[in-house]
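For reference, the structure is listed below as structure tokens.
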Amino acid sequence: MSLIGVIVIGGVLIALPLLAPSANPIGPTPIPTALNIDQNIPYPAVPRINVSDAHTAWQARQAVFVDVRSASQYAQRHIPGAKLIPLGDIESRLNELNKDQAIITYCT
């Protein structure tokens, strides 16, 4: 499976209240940067992003968020505007994603 250009985050739903639109955004929003992650995790070559940078990207609409959980989990709670593509469908549905835009996947 090739997921080049996809950034993975975790714990976003815990921080979901932080994703409410800001009433007074200040200045230009920087593009999120990937974190240095322990090489012992699955898919170490896939860049990770912290929740703060993901929130910034979400507010600025600089990235598309892809929820890779099941439809029932997505229905319970998800990031507003996130696209549902269950993990097992990612490879066959890559054509639905704009490769010129940052893609942030999440599963928690």
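Annotations
- Counted residues, the range 57-95 - those being part of a loop (DSSP other than H, G, I, E, B), closer than 21 Å to residue 43 by Cα and not basic (Lys, Arg): 4
- If the condition is being farther than 20 Å from residue 49 by Cα and aromatic (Phe, Trp, Tyr), then the range 61-100 contributes only 74.
- Cβ pairs under 8 Å, 6+ apart, first in the range 88-101 and of a type in the set (D, E, K, R), second in a loop (DSSP other than H, G, I, E, B): 91/1; 91/2; 93/85; 96/85; 99/5
- Every residue from the range 83-101 that is surrounded by 18 or more Cβ atoms within 10 Å (Cβ to Cβ) and under 19 Å from residue 58 (Cβ atoms): 85
- Test result for residue 46, surrounded by fewer than 18 Cβ atoms within 10 Å (Cβ to Cβ), within 18 Å of residue 108 (Cα to Cα) and either at pLDDT below 95 or in contact with a strand residue (DSSP E or B) (Cβ under 9 Å, 6 or more places away or on another chain) (or both): yes
The values are calculated or read from the model by the stated rules, or taken from the named source; none is laboratory data. As the structure is a computational prediction, the values presented were derived from the model and not from experiment. We place every Cβ from the backbone using ideal geometry, glycine too, and count neighbours over all the protein chains shown.
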